[in-house]
1. Before we move on, is TYR84 out of contact with any Cys (no Cβ under 9 Å at 6 or more places or on another chain), farther than 24 Å from LEU24 by Cα and modelled with pLDDT under 90?
2. If you check PRO71 against the conditions, is it at negative phi, in a loop (DSSP other than H, G, I, E, B), modelled with pLDDT of 85 or more and surrounded by 14 or more Cβ atoms within 10 Å (Cβ to Cβ)?
3. So, restricting to helices (runs of 4 or more DSSP H) that lie completely within the range 1-63, which ones have at least 2 residues that are under 17 Å from THR81 (Cβ atoms) and at pLDDT 90 or above?
4. Only residues in the range 40-59 that are free of Cβ contacts under 8 Å to residues at least 12 places away in the same chain and within 17 Å of ASP30 (Cβ to Cβ) count as the first member; pair them with residues that are assigned to a loop (DSSP other than H, G, I, E, B) and among the acidic types (Asp, Glu), Cβ under 8 angstrom, at least 6 apart or cross-chain, and list the lot.
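The values are calculated or read from the model by the stated rules, or taken from the named source; none is laboratory data. Since the model is a prediction, treat every value here as computed from it, not as a measurement. Cβ atoms come from the backbone with ideal geometry, glycine included; neighbour counts cover every protein chain shown.
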Amino acid sequence: MDLFDGFYSAEGALERKKRRRERLYAPREDIIARYSDDELYGRFRFDRQGIYWLAELLERVLRPPTDRNNPLSPLHQVILTTFYCLE
């Protein structure tokens, strides 16, 4: 008996697909709502409107072409980038 019997067959592929679990993603926290205006400016060096403006300005570049694999929104990408660039 071969180790790969049924692995490459249509029945084997269907069986593997049945066993696959659905991916579960944790909801992302709304960072903008978490902090006050002063805390936002202290952490990210941008006020609330500045972060939204920057995310809107860069949205065409930052938006992924598909929603596969639960990608980060442009707003989250801007927040993470400003946080790590200022460290």
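1. yes
2. Yes: the conditions hold for PRO71.
3. Because the criterion is at least 2 residues that are under 17 Å from THR81 (Cβ atoms) and at pLDDT 90 or above, the helices (runs of 4 or more DSSP H) in the range 1-63 that meet it are 37-44, 48-62.
4. These pairs meet every condition: LEU40/ASP47.
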